[in-house]
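See structure below.
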There are 2 protein chains.
Amino acid sequence: MLTVPGIRAIIEVLRANPSQVKEIWIAKGKRLSRLEEVISICEREGIPVYFKNPKDISLLLPNITHQGAVAIISEFKYVSLDEFLKKIEGQDSYLTVIALDHITDEGNFASIIRTAVFFGAKGIIIPKKRSVSVSSQVLKRSSGACFYIPIVRVTNMAQALEKLSKKGLWIVGTSPEANVSLYKFDWNRDLVLVLGNEQKGIGHSVQKVCHEIVNIPIFGAIDSLNVAVSAGVFLSEIVRQRQKN
Amino acid sequence: MLTVPGIRAIIEVLRANPSQVKEIWIAKGKRLSRLEEVISICEREGIPVYFKNPKDISLLLPNITHQGAVAIISEFKYVSLDEFLKKIEGQDSYLTVIALDHITDEGNFASIIRTAVFFGAKGIIIPKKRSVSVSSQVLKRSSGACFYIPIVRVTNMAQALEKLSKKGLWIVGTSPEANVSLYKFDWNRDLVLVLGNEQKGIGHSVQKVCHEIVNIPIFGAIDSLNVAVSAGVFLSEIVRQRQKN
């Protein structure tokens, strides 16, 4: 069982995948401007809506701002690597896939998911161990964007990237120490953009699989960007270059 | 009195402005890899270092992860608009100034400060009311980047932007509803980039002062980006275009 807190995330899961939703809890007396949409989808789809004591909702969701509304789903559906490889076959525009090599901050993960969907990336790959996963907090903070992009969990990131490489995707790592600027790199190809851990960056085994490692040139006194901001900067440059074609 | 929590932020304030630091507290028995640099600067500058009970540090900083180290400074030094206008006179490269029209999330503010310094922006303007300010949380989460960029607090944002406009800066607003794409806009000019509130965007009075309003084109199912990620995307495109010259 997994909870989806917050009205916006609830609407996204109901729109994207209503069959996944078991029930909705709403705090008694709560007036939410977008509640009507929730209730009308639940009516149509036969999803029960329960009006609960605010306390009961807070007990279910310790330390999460839930805005008095929560959806209960069975579990988050990750996609397997093989399913994903089938899904991306035969696309007619250049592909962007994102690989997160041991990101540990849920806020960063949520922000990257949202940004990836915004810029039209086709999937996000995360490792099973020592990594964020799709928790209630991530569902809330990404405002439900997780339901619009396949999220693939793999046991071994380097091996997964090798498989993608064999399918013809370029594996492009990112690091402040790289010599190639993202503005000079040619992003017109199918690719996996690899972002590393907040402190340690990309691990050695994953670096070895990368065809190229690129950086964001520094223009000031601070030498590193937050990884979620970096993701936005890279994805923006990718779509900018491709737009021209 | 203001606290600067976290070893990285402490090092930044000591490097940027040691005379501001009154004392340093370090948790007894704490082994920090970068502590030697802190202690050697404190010795040179005559700043007292106190070894405290971890509990005492936590009492001083409720709800903040302080990593067992905190600097105590008298206050954060904002820059007045007039001082700032003098500071930016006679620059030989194109100027970027950032204006935050009622940002309310401290994490977003901290991330924007860091990104602004990274991409070489020359200052950040915030309103005095209904806005984030430089708190201990912001100092920690920006890893001390606040000490590398003037932060200007103004009573009336629209009037402040008018003053900057009269000095020859273009006032460029950002909004998902704008028709001009950031990739098409010519960023080769002195300018103020205006980012709006997380929910409401840029207010009417500020919109009126803008010479142009630009957007980030959407490529997916989600129609808005986090404001801190947007800041990174805009600043990256600005430096990319200017790099060519």
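Every number in this text was worked out from the coordinates using simple rules, so none of it is lab data. No experiment lies behind these values; they were computed from the predicted model shown. Don't worry about glycine lacking a Cβ; one is built from the backbone with ideal geometry, like all the others, and counts go over all protein chains shown.
Observations, loosely collected:
- Neighbour-count ranking [beta-carbon atoms within 10 angstrom, fewest first] of B:Arg240, B:Arg130: B:Arg130, B:Arg240
- DSSP bridge pairs, region A:105-245: antiparallel proportion in percent, nearest 5: 5
- For a label point 7 Å along the Cα-to-beta-carbon line of B:Gln159, residues of region B:183-210 with backbone N under 19 Å: B:203-210
- Net dipole in debye of chain A [+1 Lys, Arg Cβ; -1 Asp, Glu Cβ; about Cα centre; nearest 20]: 340
- Rg/Rh ratio calculated on Cα atoms of the protein assembly as shown (Kirkwood radius): 0.97
- Between B:Lys208 and B:Lys129, the simple label model (points 7 Å from Cα in the Cβ direction) yields a spacing of 1.7 nm.
- Ordering A:Gln207, A:Ser74, A:Phe185 by the projection of their Cα atoms onto the charge dipole of chain A, which places +1 on the Cβ of Lys and Arg and -1 on the Cβ of Asp and Glu, puts A:Ser74 at the extreme positive end.
- Grouping the Cα pair distances of region B:126-231 into 10 Å bins from zero gives a pair-distance distribution of 12, 41, 35, 11, 0 percent in increasing distance order.
- Normalised by 2.2 N^0.38 Å, with N the number of residues, the alpha-carbon radius of gyration of chain A equals 1.09.
- 20 Å Cα-Cα reach of A:Lys28 towards lysines, excluding residues that sit fewer than 8 places from it in its own chain: A:Lys52, A:Lys55
- Annotation for A:Lys167, label-to-label distances across the other copies: 5.2 nm (shortest first, one decimal, point 7 Å from Cα along Cα→Cβ).
- Pairs from the table (B:Lys122/B:Lys167; A:Lys87/A:Lys166; A:Lys200/B:Lys140) all lie within 23 angstrom of each other at Cα.
- Once the convex hull of all Cα atoms in region B:1-99 is built, its volume per residue stands at 145 Å³.
- Modelled spin labels at A:Lys77 and B:Ser33, positioned 7 Å past Cα toward Cβ, are 4.3 nm from each other.
- With N the number of residues in region B:179-222, Rg(Cα) / (2.2 N^0.38 Å) evaluates to 1.29.
- Its Cα centre serving as origin, the protein assembly as shown has a Cβ charge dipole (Lys and Arg +1, Asp and Glu -1) of approximately 480 debye.
- Positive-pole candidate from B:Ser19, B:Ser142, B:Pro5, dipole of region B:3-154, charges at beta carbon: B:Pro5
- Across all directions, the shadow cast by the convex hull of region A:32-147 built on its C-alpha atoms averages 9.4 square nanometres.
- All aspartates and glutamates inside 19 Å of A:Lys128 as judged from Cα atoms, apart from same-chain residues fewer than 8 positions distant: A:Glu75, A:Asp82, A:Glu83, A:Asp101, A:Asp105, A:Glu106, A:Glu162, A:Glu198
- DSSP beta bridges in region B:1-138 [antiparallel fraction, %, rounded to 5]: 55
- Calculated mean residue ellipticity at 222 nm for the protein assembly as shown: -10500 deg cm²/dmol, from DSSP H runs with n ≥ 4 weighted as -39500 (n - 2.57), summed, divided by the residue count and rounded to 500.
- Charge-dipole axis of region B:26-130 as Lys and Arg at +1 and Asp and Glu at -1 on Cβ define it, positive-most pick from B:Pro48, B:Ser111, B:Gly123: B:Pro48
- For region A:107-134 versus region A:140-184, the inter-centroid distance based on Cα atoms is 9 Å.
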